[in-house]
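S.K.: Here it is: the structure, laid out below.
The values are calculated or read from the model by the stated rules, or taken from the named source; none is laboratory data. Bear in mind the structure is a predicted one, so any value in this text is a computation, not a measurement. Here the Cβ positions follow ideal geometry from the backbone for every residue, glycine too, while neighbour counts run over all protein chains shown. Heads up: the accessible areas ignore ligands, DNA and RNA and are worked out on the full protein's heavy atoms, side chains in. Shrake-Rupley method; radii C 1.70, N 1.55, O 1.52, S 1.80 Å.
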Amino acid sequence: MADRDEVRQQFEEAFEGADYPVNSPMDLVPALPQGPGTTFDVGEETITAMELNQEAAGQGDYPYDSVDELVDDLMDGLEDEGYV
């Protein structure tokens, strides 16, 4: 199982540069260092931002006013899917 704090830190670093509020996943793409191909290490797996959107965004409750709100929901989604 992935270390929750490490995963959270990766998300915060990747998404902190977005222009908040964000209204959809597409608003986040410009903030990502490699766009939708940006990868995150989640335990022994590596997932792309696109996969993250599919796996964890079920929790999505747009718009998000801050990186913390967004990351909280992403972490909840990963937990629901058994990643963390």
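S.K.: Could you state the accessible area per residue of the chain in Å², with a 1.4 Å probe and every protein chain left in place?
M.R.: I get 58 Å² per residue for this part.
S.K.: Now a separate question. In degrees between 0 and 90, to the nearest 10, how far off the longest principal axis of the chain does helix 4-15 point, with axes built from Cα atoms?
M.R.: The angle comes out near 30 degrees.
S.K.: Determine the dipole magnitude for the stretch 29-84: charges of +1 sit on the beta-carbon of Lys and Arg, -1 on that of Asp and Glu, nothing else is charged, the reference point is the Cα centre, and the result goes in debye to the nearest 20.
M.R.: So the dipole magnitude of the stretch 29-84 works out to roughly 340 debye.
S.K.: Which of the GluC sites (Glu not before Pro) found in the stretch 12-59 are loop residues per DSSP with 13 or fewer other Cβ atoms within 10 Å of their Cβ?
M.R.: For GluC sites (Glu not before Pro) across the stretch 12-59 that sit outside H, G, I, E and B with at most 13 neighbouring Cβ atoms in 10 Å, the list reads 44.
S.K.: Can I ask one more? Go through 26, 7, 77 and say which Cα lies farthest out towards the positive end of the charge dipole of the chain; charges sit on Cβ, +1 for Lys and Arg, -1 for Asp and Glu.
M.R.: After comparing all options, I get 26.
S.K.: Could you tell me the calculated FRET efficiency between residue 24 and residue 79, based on Cβ-Cβ distance and R0 = 25 angstrom, to the nearest 0.05?
M.R.: Step by step, r from the Cβ atoms, then E = 0.65.
S.K.: Something else: Quick check: net charge around residue 19, other residues with Cβ under 13 Å of its Cβ, Lys/Arg +1 and Asp/Glu -1?
M.R.: Here the count lands on -3.
S.K.: Return the equivalent ellipsoid semi-axes of the chain as a descending list in whole Å, where each equals the square root of 5 times an eigenvalue of the C-alpha gyration tensor.
M.R.: Calculated on Cα positions only, the semi-axes equal 18, 14, 11 Å.
S.K.: Still on this structure, please answer the following. Please report the carbon-and-sulfur percent of the accessible area for the chain; probe 1.4 Å, protein heavy atoms only, DNA, RNA and ligands left out.
M.R.: 40 percent
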